[in-house]
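First the structure, in the form of structure tokens, and then the observations on it.
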């Protein structure tokens with residue numbers, strides 16, 4: 001089981017990786033639908049760091065909506 005640094009049980013959803021290689025994890029708090037972002041270093045687990053690393057490695061990358069807009073052609 002994965003927990004926040006405050007001991008709240010989490011359900012991991014996805015991960016993101018920045019250009020510098022830093023990883024963030026998106027998770028829901030047990031009993032809510034709200035998604036929060038966590039630094040993996042702030043997570044705790046029953047079986048320690050190995051459990052956290054294994055869980056993060058299995059997560060899919062977060063998909064962002066492409067919100068680009070097309071410009072209308074001017075005549």
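A compact table of results
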quantity	calculated
Tally of residues being surrounded by fewer than 13 Cβ atoms within 10 Å (Cβ to Cβ) and closer than 17 Å to residue 62 by Cβ across the stretch 1-26	6
The stretch 27-41, residues that are out of contact with any helix residue (DSSP H, G or I) (no Cβ under 6 Å at 6 or more places or on another chain), surrounded by 11 or more Cβ atoms within 10 Å (Cβ to Cβ) and not in a loop (DSSP other than H, G, I, E, B)	27, 28, 29, 35, 36, 37, 38
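Read-outs: derived from the displayed coordinates by stated rules, not from any lab. This structure is a prediction, so every number in the text was calculated from the model and none was measured. Backbone-built Cβ (ideal geometry, glycine too); neighbour counts: all protein chains shown.
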